[in-house]
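Throughout, read-outs are computed from the coordinates displayed, never taken from laboratory work. Every value quoted in this text rests on a predicted model; they were computed, and no experiment measured them. With ideal geometry, Cβ positions are generated from the backbone for all residues, glycine too; neighbour counts draw on all protein chains shown.
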Amino acid sequence: MISKTLSGPAAIAALPRDRLIAEFSSWSANLANFESDLQRIEPYVDLHHIDVADGHFAPSFLFFPDLVARIAKLTASPIHVHLMVDGSIVEEQTRQFIEAGADMISVHAENGEAGLRAVRLARELGAEAGVVLRLETPVETVAPFVSEVAFVTLLGTAIGVKGQGLSEKACDRLGEARAILRKAGREAAVVLAADGGIRHETVPLLRAAGAETVVLGSLAFGDKDLAGRIAWLHGLKVAA
């Protein structure tokens, strides 16, 4: 078992802000040899990203609290759980995944008031909170959340389906989100994240548009030179 020096809000606050955060999606790990893949990425991962989907709000069925509990014992890095679930269960799911070891829970802005209650519950339980937005939802929908979260994540593809190309709207939407954060006085406090359509050719575009982390799937897990890939990632700059 690996002991973590920081957890919850302190672990999220300690993430680097002077380069892209390396956020690794467990959905792209070798699930038949999961522990080995976790050991391979441990020297490079800043943040573990675990998708949870209920087959209703998103078409997939993904992952469960016991998996988070297992990962928490194998890594010193913080765990970010993305809840792609219906508003009727988002608060209970928030509780279950924090009890399993999640350091941050991100809920969907589309969950409305239930999502806001889940954000507040996460913080009451000693974790950090974030908000996520589907590609088809207007960016201003995140506005009620920005005063209460540490991450704003914008999906650049349809929710819960792997292997899609990045929407041509994704970079402009990051700019819209940045403007909302700036207006609220939260630009320095909130990490702006991009999830979906993450490819070698799209990451520089997203970084230039203001993304502070991209959720890495096969781009990282499928790269035999992971050290080289992460060095490339760290070197990408925001457009002046």
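If you project the alpha carbons of segment 18-235 onto their three principal axes, what span does each projection cover, largest first, in Å?
Sorted from largest, the Cα extents of segment 18-235 read 42, 37, 31 Å.
For the residue pair Arg199 and Arg120, what label-to-label distance in nm results when each label sits 7 Å from Cα along the Cα-to-beta-carbon direction?
Label at Arg199, label at Arg120, 4.3 nm between them.
Name the longest site-free stretch of the chain, where the excluded sites are GluC sites (Glu not before Pro) in a DSSP loop with no more than 16 other beta-carbon atoms within 10 Å.
1-135
In straight Cα distance, which lysines are under 23 Å from Lys4, not counting same-chain residues fewer than 8 positions off?
Lys73
For segment 193-201, just list the computed ³J(HN,Hα) in residue order, Karplus coefficients 6.51, -1.76 and 1.60, θ = phi - 60°, integers in Hz, with x standing in for Gly and Pro.
Those phi angles translate into 10, 10, 9, x, x, 7, 10, 4, 7 Hz.
Evaluate the relative contact order of segment 18-235 (contact order divided by residue number), counting alpha-carbon pairs under 8 angstrom at least 6 apart; express in whole percent.
Dividing the mean separation by the residue count of segment 18-235 yields 20 percent.
Taking the number of other C-beta atoms within 10 Å as the exposure measure, put Lys162, Lys4 in order starting with the fewest.
Lys162, Lys4
Spin-label point model (7 Å from Cα, Cβ direction): what's the Ile2 to Glu136 distance in nm?
3.9
Grab the other residues whose beta carbon is less than 12 angstrom from that of Ala14, score K and R as +1, D and E as -1, and report the net.
Surrounding charge for Ala14 is -1.
Using a Gaussian network model of the chain with C-alpha springs under 10 Å, which one of Leu31, Leu20, Leu155 is most mobile by mean-square fluctuation?
With Cα springs under 10 Å in the chain, the top fluctuation among Leu31, Leu20, Leu155 is at Leu31.
Mind checking which lysines have their C-alpha under 26 Å from Lys162, skipping anything on the same chain fewer than 8 residues away?
Lys162 reaches Lys224.
Between Ala208 and Asp172, what length in nm is gained on full extension when 0.36 nm per residue of separation is reduced by their alpha carbon distance?
Length gained between Ala208 and Asp172: 11.9 nm.
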